[in-house]
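The values are calculated or read from the model by the stated rules, or taken from the named source; none is laboratory data. Predicted model only: the values in this text are computed from it and were never measured. Here the Cβ is made from the backbone with ideal geometry for all residues, glycine too, and neighbour counts use every protein chain on show. Heads up: the accessible areas ignore ligands, DNA and RNA and are worked out on the full protein's heavy atoms, side chains in. Shrake-Rupley method; radii C 1.70, N 1.55, O 1.52, S 1.80 Å.
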Amino acid sequence: MPTVDASPYPFTFQPESTALLIIDMQRDFVEPGGFGETLGNDVSKLQKVIPPLVRLLGAARAAGLAVIHTREGHVPDLSDCPPAKLNRGAPSMRIGDPGPKGRILIRGEYGHDIVDDLKPLEDEPVIDKPGKGSFYATNLSELLAAKGITSLIVTGVTTEVCVHTTVREANDRGFECLVVSDCVGSYFDEFQQVGLAMVAAQGGIFGWVTPSDKLIEVI
Ligand code: TIU
């Protein structure tokens, strides 16, 4: 079984029961004119995730690992967007408003889709989720069970929001999660650092952390 040097100790996984999970690498988060920017963020911070994630995705596909993508967003009538989310704060545009890349965070819009460099292949599932976590109101749990997946290699954005929410819940559901440090990104440097530290602290309270070059060596 492949073993990768990781924090807090080496992570061993069985390729047949491991999936690469790519969380929310959508234009809405990583490009100007989308949801991330409406919240006041510098979206260029997330773009450095793309080159290492492209390399990791290539290695995972070549090795035949399962690959699963997620997208955060809502149906056009917003019936799956709770008022608590819709009305939160004072963004420059709200979810559902027309933006330069289509309606903000709405399924089917150009801005909601995954960036070209990480475009899913036909046979790679894309999980549409209304929340930050990947399990809430989705069929991810059933999909992982059907594929016999017990370990997750977790990537995407943002580290302390959708990645953390997903890893915490996956951990509670019994999955072993390896978070790839340069393939997850935050709008905030300090959250990136602390978000990763939180995963591996206390003997791996939520999982393991390793950089992509070490992981690619063993895939
Ligand atoms: N705002 C922020 O950091 N993240 C999100 O709203 N969603 C995800 O992390 N995907």
Taking residue 208 as meeting all but one of (1) on the phi > 0 side of the Ramachandran plot; (2) in contact with a helix residue (DSSP H, G or I) (Cβ under 9 Å, 6 or more places away or on another chain), write down the number of the exception.
(1)
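Where in region 1-96 are the helices (runs of 4 or more DSSP H), entirely inside, with at least 2 residues that are within 14 Å of the ligand (Cβ to nearest atom) and farther than 17 Å from residue 128 by Cβ? Break it down stepwise before answering.
On the way: elements: 27-30, 35-38, 44-47, 50-63, 83-86.
Those helices (runs of 4 or more DSSP H) span 35-38, 44-47, 83-86.
Tell me whether region 98-107 contains one or more residues that are within 16 Å of the chain's Cα centre (by Cα), within 26 Å of residue 65 (Cα to Cα) and at pLDDT 95 or above.
no
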Taking residue 170 as meeting all but one of (1) within 13 Å of residue 199 (Cα to Cα); (2) near the ligand (Cβ under 10 Å from one of its atoms); (3) among the small types (Gly, Ala, Ser), write down the number of the exception.
(2)
The conditions are (1) assigned to a loop (DSSP other than H, G, I, E, B); (2) charged (D, E, K, R); (3) open to solvent by 30 Å² or more (accessible area, probe 1.4 Å), and residue 160 fails exactly one of them. Which is it?
(1)
Quick count over region 112-157, residues being within 16 Å of the ligand (Cβ to nearest atom) and open to solvent by 50 Å² or more (accessible area, probe 1.4 Å), is 5
